[in-house]
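Novice: Below: one structure in structure tokens.
The values are calculated or read from the model by the stated rules, or taken from the named source; none is laboratory data. Keep in mind that this is a model prediction, so the values were computed, not measured. Note that we place each Cβ from the backbone using ideal geometry, even for glycine, and neighbour counts take in every protein chain shown. Calculation scope for accessible area: heavy atoms of the full protein, side chains included, ligands and nucleic acids excluded. Shrake-Rupley method; radii C 1.70, N 1.55, O 1.52, S 1.80 Å.
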Amino acid sequence: MKRVLVYYAHPAHRFSRVNKALLDMAKDQTNVTVIDLYEEYPRFRIDIDKEQDRLRNHDVILFQFPIYWYSSPSLIKEFLDLTLEHGFAYGAPDAALTNKIMGLAVSTAGTESDYSETGYQTYPLRTFLTPFEQTARLCNMTFLAPYAYFGAHAEQDGFLNEHVQSYGRFISALRDETLDIDAACALDLMNATNLPVKG
Amino acid sequence: MTDFLMLSFLFLAAGVIAVPVASRLGLGSVLGYLLAGIAISPLLSALHVDVVSIQHFAEFGVVMMLFLVGLELEPKMLWQMRSKLLGLGGLQVGVTIVAIMAIAMMFGQTWRVGLAIGMVLALSSTAIVLQTLNEKGLMKSDGGQASFSVLLFQDIAVIPMLAILPLMALPELVELASHTTNDHAGAGDHGTDIDLMGNLPAWLQGIVTLGAVGLVISAGALLTRPMFNFVASAGLRELFTATALMMVVGIALLMTLVGLSPALGTFIAGVVLANSEYRHELESDIDPFKGLLLGVFFITVGAGVNFPLLFENLWSVVAMTLGLIALKTTVLIVLSKIFGVNAGDKWLFSLGLAQAGEFGFVLLSFTVANHVIPKAIADQLLLVVALSMLLTPALFILYDRVISPRYLRGGEQEPDEITEKGKIIIAGHGRFGGIINRLLSWSGHKTVVLDYSSSQLEMLRAFNVKAFYGDASRPDLLHAAGIDDAEMLIVAIDDKQKATEMVHYVHHNYPHIKIIARAVDRQHVYELYAAGCREIIRETFDSSVRAARTALEMLGTRKFDAELIVQDFIERDRHIIREMAPHYDPDIPIHKNQALVEKTKELMKAQESELLGKASANTTTSRAWDFSKRTKPESDD
Ligand SMILES: Cc1cc2nc3c(=O)[nH]c(=O)nc-3n(C[C@H](O)[C@H](O)[C@H](O)COP(=O)(O)O)c2cc1C
């Protein structure tokens, strides 16, 4: 069994539809730690030691957030800036995050086709997420294909529900080591239709 | 019954009218009561009211006051005061008695009469002085502490005086008394005293006395909690009050029975209870009674002035009174030099204690009853005592308005020599300034702290803080603290007016200095703004806002949302103040200030919706996040 840690960050949780449902699903999983960052650090005063301990004590680190201006909400950035200290996360042979898994669960208003070279957003979503990907690499972590939900404001015939249910399967598979990690790394993005769960 | 109602009404009405008037005129409540007493004295004599016996009853207010003083004083502090108590107090009483005795003998009195007069006049008025110091918030200052030491010693000294006086009876007076019917019988004691001790041998009396004090201490320490727990089980608020009163009255009774001063006894009980969890309960229960009784007491002093006798001997009484005040002041000034009472407070201390006191009345009637002082002299002395008490508020005013400012400007340089100059001067090191100082020092800044409470400062110095004694609002002290080359002044004193004056002074004389000022309330913000300060911090605003934020959180608002709401609120509130402040004019009362009234009306509209909870449901920041407000639900970014 792997120890899964979900960091949730949504400054406007009160208005959230997609991420709220995803969060509730994450919380329903047993033996999974879920941290609501904006609730934990409303004044952005990250407790660095505590968070580093948390990271040390888990094997899979998942960041869940809505895409804001082609990136994460600011508290995630603050969190990474402060917590991934030199010597702790990188720059030392025994860096604490080595061989851990990093995953993202994100939502966007733009549609999947918007996020393509011919689309309205010009670049595929992965391009916008490369800072996270390279952060994981620098810390010697395995970076999974992001679990993404597009068109968050549109009505999609129950697809949201499907996405939420599959989020639960995603997390529990990580916990139970039934997710095919190699396959998950090889994918471009993950969603309800292509989740590589073994068996 | 009607008599009682009539009398109560008379006293209450006199106080209710006179005290606010006196306070408004800046004269203090004590003078108000005294004047009320003078005003109703013709009525009282027309009604044949026995003012003296009311006064004896009202003296119980003094007993209560000492109980309250004791409550504020932990045993440790009392122990720290011991040298002042014995040294300063002892010398004041001793030297004053000898000096008055010498003068009396120069005027042809025998040494016995002289000594008795000395005792009567050496004591000061605990009631007036403590009440006034409390009212002015000066109890904790150096002068306040010194005054308190002396007063406490005097209260204790009354006991041996009462023991010695009967031994000095004049043979001629005793003779005379035995011929005429003794109409002073019992004048010295308050009502019918039961004398438990009369028949006991001296050593046994000693044991009983010590036992009584021991009883008060141990009962106070051991019985208070179970007793209050027991009373609390009834769940009636007034029972607490009754219990508190019962305690005080009981202790006073016990002390009287064994021949000790009730004031001393309740004081000791107060000290014993100073650390107890019921301290505040006791304080708030007893306080109104103390206030009322002292009020009655002061009224009776005013009413007791025998005007016909006064006018007959006007010049001699006035001369004696002024002489007495001058003499006592001189003694006190000399002593305060010896004991190093700080410069500014020396005069407060010396003028404050220059009157004769309520114990003077007690001792006078006692001396007459015991044939120590002839009645004719005693009657005049009674006037001197009353007049000197009547003049005390005037002396405080003299100190406040004339002596203190003049003395401070010219005067001897007795506040601490300030050796360390800092870039940051913090004026006032109470709860507010203390935190500022801690934080700035912690982040590596050099500060200079000014405060007028020397006990505070001693503690600070123990922690290696550069702290200096003195009234920070005084230009010379600011100068000594290095205001000329300071970078910043933080005004953290709690006296509104002084804070404003200080800001005004520094802003106009040292315009380059950054000033941060503590404001007590909104109006004070405007005053400080008008005085030239732009960094004004309301002393309780931030903590109130934080409390509200916690409330929101506990009501289920997300912490980050609560934070945004609070930030918004703060910004709105600051905005209002910023808009209003420039229109404030210290010379125009707020309601007559047209510009301010207009501005208020304008801002009221915004505020109104705020009060009605109609402020936009969104915080300003989260406006960007609420998609429900958008016309088109599609993504647009
Ligand atoms: C400030 C802000 C910036 C946003 N930037 C983007 C963006 O760059 N690309 C995008 O596709 N959606 C963007 N969105 C839309 C959010 O990603 C979308 O509202 C969110 O994923 C919906 O999830 P929720 O229901 O959990 O709030 C932005 C929204 C906000 C409020």
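Novice: For B:ILE333, state whether it is open to solvent by 30 Å² or more (accessible area, probe 1.4 Å), touching a Ser or Thr at 6+ places or on another chain (Cβ under 6 Å) and on the phi < 0 side of the Ramachandran plot. Break it down into steps so the answer makes sense when it comes.
Specialist: Working: open to solvent by 30 Å² or more (accessible area, probe 1.4 Å): yes; touching a Ser or Thr at 6+ places or on another chain (Cβ under 6 Å): yes; on the phi < 0 side of the Ramachandran plot: yes.
Judged against the criteria, B:ILE333 is a match.
Novice: Looking for whichever is at positive phi and not hydrophobic (A, V, I, L, M, F, W, C) here; the options are B:GLY250, B:GLY259. Which one fits?
Specialist: The conditions single out B:GLY259.
Novice: Continuing with this model, one more query. Go through the residues of segment A:102-117 one by one and say whether even a single one is more than 14 Å from the ligand (Cβ to nearest atom) and either in contact (Cβ under 8 Å) with a residue 60 or more places away in the chain or among the basic types (Lys, Arg) (or both).
Specialist: Yes, some residue in segment A:102-117 is more than 14 Å from the ligand (Cβ to nearest atom) and either in contact (Cβ under 8 Å) with a residue 60 or more places away in the chain or among the basic types (Lys, Arg) (or both).
Novice: Suppose we keep only residues that are without any contact (Cβ under 8 Å) to a residue 40 or more places away in the chain and among the charged types (D, E, K, R) within segment A:1-23. Which one would you say is farthest from the ligand (Cβ to nearest atom)?
Specialist: A:ARG14
Novice: Considering only residues that are under 23 Å from B:GLY89 (Cβ atoms), open to solvent by 10 Å² or more (accessible area, probe 1.4 Å) and touching a residue at least 60 places away in the same chain (Cβ under 8 Å), which ones fall in segment B:350-380?
Specialist: Answer for segment B:350-380, where residues must be under 23 Å from B:GLY89 (Cβ atoms), open to solvent by 10 Å² or more (accessible area, probe 1.4 Å) and touching a residue at least 60 places away in the same chain (Cβ under 8 Å): B:PHE359, B:PHE361, B:VAL362, B:PHE366.
Novice: When only residues in segment A:114-128 that are away from every other protein chain (no Cβ under 14 Å) and outside any helix (DSSP H, G or I) count, which is nearest to A:ILE181 (Cα to Cα)?
Specialist: Initial filter on segment A:114-128 (away from every other protein chain (no Cβ under 14 Å)): A:116-118, A:123-124, A:126-127.
Now drop any that are not outside any helix (DSSP H, G or I), which leaves A:116-118, A:123-124.
On the way: A:SER116: 26, A:GLU117: 28, A:THR118: 31, A:TYR123: 26, A:PRO124: 22 Å.
Taking the candidates together, the pick is A:PRO124.
Novice: Can you give me the number of residues within segment B:1-47 that are under 19 Å from B:ARG401 (Cβ atoms) and loosely packed, with under 15 Cβ neighbours inside 10 Å?
Specialist: Looking only at that region, the number is 5.
Novice: Could you please find all residues in segment B:258-285 being within 30 Å of B:GLN205 (Cβ to Cβ) and aliphatic (A, V, I, L, M)?
Specialist: Matches in segment B:258-285: B:VAL258, B:LEU260, B:ALA263, B:LEU264, B:ILE268, B:ALA269, B:VAL271, B:VAL272, B:LEU273, B:ALA274.
Novice: May I ask you to list the residues in segment B:548-570 that are under 20 Å from B:VAL525 (Cβ atoms) and surrounded by fewer than 13 Cβ atoms within 10 Å (Cβ to Cβ)?
Specialist: none
Novice: Could we say that A:SER16 is in contact with a Pro (Cβ under 8 Å, 6 or more places away or on another chain) and either more than 19 Å from B:LYS559 (Cα to Cα) or within 14 Å of chain B (Cβ to nearest Cβ) (or both) here?
Specialist: Yes.
Novice: Can you pull out the residues in segment B:397-436 that are modelled with pLDDT of 85 or more, part of a helix (DSSP H, G or I) and either touching a Leu at 6+ places or on another chain (Cβ under 8 Å) or hydrophobic (A, V, I, L, M, F, W, C) (or both)?
Specialist: B:PHE432, B:ILE435, B:ILE436
Novice: Could I ask something else about it? Those residues that are surrounded by fewer than 16 Cβ atoms within 10 Å (Cβ to Cβ), under 27 Å from the mean Cα position of the chain (by Cα) and touching a residue at least 24 places away in the same chain (Cβ under 8 Å), I need them from segment B:218-248; list them, please.
Specialist: B:ALA221, B:LEU245
Novice: Listed residues B:GLY295, B:GLY259, B:GLY270, B:GLY302; which is of a type outside the set (A, V, I, L, M, F, W, C), assigned to a loop (DSSP other than H, G, I, E, B) and in contact (Cβ under 8 Å) with a residue 60 or more places away in the chain?
Specialist: B:GLY259
Novice: Of all residues in segment B:336-349 being assigned to a helix (DSSP H, G or I) and open to solvent by 10 Å² or more (accessible area, probe 1.4 Å), which is farthest from B:GLN154 (Cα to Cα)? Walk me through it before giving the result.
Specialist: Let us first name the residues in segment B:336-349 that are assigned to a helix (DSSP H, G or I), namely B:336-338, B:343-349.
With open to solvent by 10 Å² or more (accessible area, probe 1.4 Å) added as a condition, the list becomes B:337-338, B:344-345, B:347.
On the way: B:LYS337: 20, B:ILE338: 19, B:GLY344: 24, B:ASP345: 20, B:TRP347: 19 Å.
The residue in question is B:GLY344.
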